[in-house]
Amino acid sequence: MTSERSELLKTRMNRGFLYSFLALALSAALAAGCGTAPGFAGDGAGAETGEGKRFAIVTKSAGNPYGERESAGFAEVIEALGGTVVMEDPETASADAQISVIRSLMSRGIDAIAVAANDENALSEVLLDAAAAGIKVVTLDSDVDPRYRLTFCNQTDAQEVAVTLMDAIWDMTGGEGEYAILSATPQATNQNAWIHAMKELAETDEKYSGLILDEVCYGNDEEARSTEKTKELLDKYPNIKVICVPTVMGITSAAAVLKSEGSEVKLTGLGLPSEMKDYIGNGKDDPCPYMFLWNPVDLGRLAAYASWALVEGSITGAVGDTFEAGDIENSPYTLTEVPGSDGASEIILGTPLEFNPDNIVEWAELF
Ligand code: RAM
């Protein structure tokens, strides 16, 4: 157990019996090597039915069209199953804003919460409190420390995202030259996992040895800041060939800059087809030859089915659990072990989709 963790538990124990119980259970769980916080796994204490229960979703920030699609998918499933949807998004993509939202939701009474985390560690305390209040916690899109959630609805394996993006950079640079990464926020678990895996690939795989990473910078999932950062990259690195933007807010801003400046720098990354359709093409004036994403509506749906199954008690969040997820492509889903973890589970939605001049119009109609 880390000293930070034991400090946290000491504070908890002063709060009374409930937290003392949690602390003891945590020690036992960690001693047994299960790597999951108490109340977060194996308790199986489901409500037998999710009907009439309150299911919350908290995306990274209000106004992010990707989060809006996640919420739409989540709401559609919960309403169809007979639950009540509670939605509230933080004003900014920060952990503090998310903590306030989660506390406010808890005070209004919820049975489950699905959160796309703005920070891997900063939500630990509030999520521990949520579990102590009997709320079933899952993450989607961006995870927390696995000890503070039951499972993670993961859009796609991080390694796969990394290979997909590095191959696109390799292709668009012609195998050599400079590129930069414009990310969302510096603390985002998902962004950091992808960038870490990309850097590792670039360092270890001979295929990418001709590529030079100029910089990783952050647009904070804000249009103005992403625009400013793109302009800075163009000024700072006159020989840059490709900007890779693994965030839907950032990629649209970067595309607009490249197009309006008539730049020859190419763009790839993760974007919404509906927002990027005017920028994708093979012409000299088209900034983005192709880009990727998964279906964010399905990611929200997946989180809804997982939350429902947890509230009903048909799954506990353990590796090997399975559940039905309506007509989502790979349903039924099985919880698998997070690579390199000590028994933490995740549910992988699928593989990245490529959007190019041949299919962009069709996809743009969907999301
Ligand atoms: C942004 C967010 C989100 C990410 C997508 C691709 O909207 O950073 O977490 O998964 O882009």
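For the reader, a short list of remarks on this structure follows.
- Candidate set from the range 322-338 (those that are hydroxyl-bearing (Ser, Thr, Tyr) and touching a strand residue (DSSP E or B) at 6+ places or on another chain (Cβ under 7 Å)); member that is least open to solvent (accessible area, probe 1.4 Å): Tyr333
- Going through (1) open to solvent by less than 20 Å² (accessible area, probe 1.4 Å); (2) away from the ligand (no atom under 16 Å from the Cβ) one by one, Glu206 falls short only on (1).
- The residue pairs whose first member lies in the range 178-200 and is part of a helix (DSSP H, G or I), whose second member is within 11 Å of the ligand (Cβ to nearest atom) and open to solvent by 40 Å² or more (accessible area, probe 1.4 Å), and whose beta carbons are closer than 6 Å, counting only pairs six or more residues apart or on different chains, do not exist in this structure.
- For Ala197: the one exception among (1) hydrophobic (A, V, I, L, M, F, W, C); (2) away from the ligand (no atom under 11 Å from the Cβ); (3) under 27 Å from Lys277 (Cα atoms); (4) open to solvent by less than 30 Å² (accessible area, probe 1.4 Å): (3)
- Any hit, the range 304-318, residues being touching a Cys at 6+ places or on another chain (Cβ under 8 Å), under 20 Å from Thr49 (Cα atoms) and in contact (Cβ under 8 Å) with a residue 24 or more places away in the chain: yes
- Residue within the range 130-139 that is within 14 Å of the chain's Cα centre (by Cα) and either among the hydroxyl-bearing types (Ser, Thr, Tyr) or within 13 Å of the ligand (Cβ to nearest atom) (or both) present: yes
- Criterion applied to Gly317, Gly271 was being within 16 Å of the ligand (Cβ to nearest atom), over 22 Å from Glu176 (Cα atoms) and either more than 18 Å from the chain's Cα centre (by Cα) or open to solvent by less than 30 Å² (accessible area, probe 1.4 Å) (or both), and the one residue passing it is Gly271.
- Counting only helices (runs of 4 or more DSSP H) that sit completely within the range 245-322, those holding 3 or more residues that are out of contact with any Gly (no Cβ under 7 Å at 6 or more places or on another chain) and within 27 Å of Phe152 (Cβ to Cβ) correspond to 273-276, 296-312.
- Residue, nearest to Ala75 (Cα to Cα), within the range 285-296, restricted to residues that are open to solvent by 10 Å² or more (accessible area, probe 1.4 Å) and within 13 Å of the ligand (Cβ to nearest atom): Asn295
- Each residue in the range 339-351 was checked for being assigned to a loop (DSSP other than H, G, I, E, B), open to solvent by 30 Å² or more (accessible area, probe 1.4 Å) and either under 30 Å from Gly281 (Cα atoms) or in contact with a strand residue (DSSP E or B) (Cβ under 7 Å, 6 or more places away or on another chain) (or both), and 2 of them qualify.
- Restricting Gly281, Gly262, Gly219 to residues that are open to solvent by 30 Å² or more (accessible area, probe 1.4 Å) and among the small types (Gly, Ala, Ser) narrows the list to Gly262.
- Top-ranked residue of the range 223-244 - restricted to ones that are more than 16 Å from the ligand (Cβ to nearest atom) and not in a helix (DSSP H, G or I), ranked as farthest from Ala162 (Cα to Cα): Pro238
- Odd one out for Glu264 among (1) more than 22 Å from the chain's Cα centre (by Cα); (2) within 14 Å of the ligand (Cβ to nearest atom): (2)
The values are calculated or read from the model by the stated rules, or taken from the named source; none is laboratory data. This is a predicted model, so every value here is computed, not measured. All Cβ positions, even for glycine, are placed from backbone atoms using ideal geometry, and neighbour counts span all protein chains on display. Each accessible area value is taken on the protein alone, full model and side chains, heavy atoms only, with ligands, DNA and RNA left out. Shrake-Rupley method; radii C 1.70, N 1.55, O 1.52, S 1.80 Å.
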